[in-house]
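Written out below as structure tokens is the structure these notes cover.
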Amino acid sequence: MPQSEQDIHWMQYAMQLARRAEEAGEVPVGAVLVLNNEVIGEGWNLSICRHDPCAHAEIMAIRQAGQNIGNYRLLGATLYVTLEPCIMCAGAMIHSRIERLVYGASDLKTGAAGSVFDVLTDPRHNHIVSVIGGIEAEACSQQLSNFFRRRRAEKKAAKQQLKE
């Protein structure tokens, strides 16, 4: 299977993981780490449930992958994530030596893979992560937009109920 088809396949898998986050009341972001076309780690946002600001989808996937392969260095691995990573997650990717990042929707507020910051390809780091953005971007963006639209509607309904 060509790399572009693999990227789409794994991004769709990450979107399924994002649904798990949404079902738990979390912002729907999913991540899957792949090495030699096999899953070595997966995660979805759990910051709210776990009361942990570090429990982003990417961090959860990186932690699981390290445990699964018995090494914190994830050489040759590709991380697929539905939303462009933040600075914290980008730092973890550099430290774990992930080879590639493939993300769906850009994050124009806190994106650290080129949208706001360009952390992953900064030549001052001891490791550079190859970045490909925009894979299944519309579907990933729609998943997030729908979540926040529903959340705003729920808040509006709750406020209306209080008024009555």
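The values are calculated or read from the model by the stated rules, or taken from the named source; none is laboratory data. Since the model is a prediction, treat every value here as computed from it, not as a measurement. Cβ atoms come from the backbone with ideal geometry, glycine included; neighbour counts cover every protein chain shown. For the accessible areas, the whole protein counts, side chains as well, though only heavy atoms, and no ligand, DNA or RNA atoms are used. Shrake-Rupley method; radii C 1.70, N 1.55, O 1.52, S 1.80 Å.
Some points to look at:
- Taking region 3-162 and dividing mean pair separation by its residue count, relative contact order in percent (alpha carbons under 8 Å, at least six apart): 18 percent
- Note on the chain: semi-axes of the ellipsoid equivalent to its C-alpha gyration tensor, largest first and rounded to whole Å, are 29, 16, 16.
- About its Cα centre, the chain has a charge dipole of approximately 680 debye under the convention of +1 per Lys or Arg Cβ and -1 per Asp or Glu Cβ, with nothing else charged.
- Of all accessible heavy-atom area on the chain, the percent that carbon and sulfur account for (1.4 Å): 52 percent
- Overall dimensions of region 72-114 as given by Cα atoms, namely Rg and Dmax in Å: 10.0, 30
- √(5λ) per eigenvalue of the Cα gyration tensor, region 1-42, largest first, Å: 22, 11, 5
- Per residue, region 23-111 exposes 43 Å² of solvent-accessible protein surface, assessed with a 1.4 angstrom probe and all protein chains in place.
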